[in-house]
Amino acid sequence: MPEPLLKVPTSWTPLHSVAYLLLGVSIADGSIDEAEMNAVRRMVARHGQCSPEEADAAVSLAFAWLQHVLGEQGRDGFLRSLHSHATRLANHYGPPKLRAVVTDMLAVAQADGSLDDAEVVLIQAVANDWQVSDEG
């Protein structure tokens, strides 16, 4: 039986879950490069309709949490946590917003100039869970 999911920080919001998914897809190929991180920051600012500073704070917390989950529970825990955040967002947003997140996941994955199979699998899993695609 898998370990229970770690409880997110009390200040966690749906925007943090968006950041977590975007960061999750960017690290699915094993690393996050600067182009991917910049894309995540821009997209979080747009989703949250917030300042770059507020987006940076959300991304920083989500990234710290992602590193914590990976360190404590490894890749399996990380993948389960991504599913948990996807479920959290599905309970908070409707199909248009979820579709926008999937589209942004694809854009983040491509920001480094390549689309890795692990990134594609992750994006498809989220899109299937939400019953949306990046094509509308």
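The values are calculated or read from the model by the stated rules, or taken from the named source; none is laboratory data. Treat the numbers as computed from the prediction; the structure is a model and nothing was measured. Cβ: placed from backbone, ideal geometry, glycine included. Neighbour counts: every protein chain shown.
Which ones in segment 79-103 are within 18 Å of VAL8 (Cβ to Cβ) and surrounded by fewer than 20 Cβ atoms within 10 Å (Cβ to Cβ)? Before the answer, list the steps.
Filtering segment 79-103 for residues within 18 Å of VAL8 (Cβ to Cβ) gives 79-93, 101.
Residues satisfying the conditions are LEU79, ARG80, HIS83, SER84, THR87, ARG88, ALA90, ASN91, HIS92, TYR93.
For the condition under 20 Å from LEU15 (Cβ atoms) and in contact with a Gly (Cβ under 8 Å, 6 or more places away or on another chain), what is the one hit in VAL59, VAL69? Talk me through it step by step, then tell me what you get.
Numbers: VAL59 fails: in contact with a Gly (Cβ under 8 Å, 6 or more places away or on another chain).
Just a single option satisfies the conditions, and that option is VAL69.
Output the residues belonging to segment 58-78 that are within 23 Å of ALA100 (Cβ to Cβ) and either surrounded by 17 or more Cβ atoms within 10 Å (Cβ to Cβ) or of a type in the set (Lys, Arg) (or both). Lay out the reasoning, then the answer.
We begin by selecting, within segment 58-78, every residue within 23 Å of ALA100 (Cβ to Cβ); these are 58-63, 65-66.
Result: ALA58, VAL59, LEU61, ALA62, PHE63, TRP65, LEU66.
Return the pair list, or none, for Cβ contacts closer than 6 Å from residues in segment 20-46 that are farther than 18 Å from LEU98 by Cα to residues that are of a type outside the set (A, V, I, L, M) and in a helix (DSSP H, G or I), at least 6 apart or on different chains.
ALA28/GLU119; ASP29/GLU119; ILE32/SER26; GLU36/SER26
Output the residue which, of all residues in segment 25-41 that are outside any loop (DSSP other than H, G, I, E, B) and either of a type in the set (D, E, K, R) or touching a Lys or Arg at 6+ places or on another chain (Cβ under 9 Å) (or both), is farthest from ALA86 (Cα to Cα). Spell out the reasoning first.
Here is the first cut: in segment 25-41, the ones outside any loop (DSSP other than H, G, I, E, B) are 25-27, 34-41.
If we keep only those that are either of a type in the set (D, E, K, R) or touching a Lys or Arg at 6+ places or on another chain (Cβ under 9 Å) (or both) too, we end up with 34, 36, 41.
Working: GLU34: 24, GLU36: 20, ARG41: 19 Å.
Checked segment 25-41; the qualifying residue farthest from ALA86 (Cα to Cα) is GLU34.
If I filter segment 91-113 down to residues being assigned to a loop (DSSP other than H, G, I, E, B) and touching a residue at least 60 places away in the same chain (Cβ under 8 Å), which single residue comes out as nearest to LEU22 (Cα to Cα)? Explain how you work it out, then say what you get.
Residues of segment 91-113 assigned to a loop (DSSP other than H, G, I, E, B): 91-94, 111-113.
When the remaining residues are screened for being touching a residue at least 60 places away in the same chain (Cβ under 8 Å), the result is 92-93, 111-113.
Numbers: HIS92: 17, TYR93: 16, ALA111: 12, ASP112: 13, GLY113: 16 Å.
Per the stated criteria, the residue is ALA111.
Taking the criterion of being β-branched (Val, Ile, Thr), at pLDDT below 95 and in a helix (DSSP H, G or I), would at least one residue in segment 42-61 satisfy it?
So the first thing to find is which residues in segment 42-61 are β-branched (Val, Ile, Thr), and the list is 44, 59.
From the residues that got through so far, the ones that are at pLDDT below 95 too are none.
No - not one qualifying residue is present in segment 42-61.
Collect the residues in segment 115-136 that are closer than 19 Å to ALA39 by Cβ and in contact (Cβ under 8 Å) with a residue 60 or more places away in the chain, keeping them in residue-number order.
ASP116, ALA118, GLU119, LEU122, ILE123, VAL126
Looking at ARG99 and the list (1) in contact with a Leu (Cβ under 8 Å, 6 or more places away or on another chain); (2) charged (D, E, K, R); (3) modelled with pLDDT of 95 or more, which single condition is not satisfied?
Single failed check for ARG99: (1).
Those residues that are of a type in the set (S, T, N, Q) and either more than 21 Å from THR87 (Cα to Cα) or crowded, with 19+ Cβ neighbours inside 10 Å (or both), I need them from segment 104-136; list them, please. Walk me through how you get there before you give the answer.
First pass over segment 104-136, keeping only residues of a type in the set (S, T, N, Q): 110, 114, 124, 128, 131, 133.
Matches in segment 104-136: GLN110, SER114.
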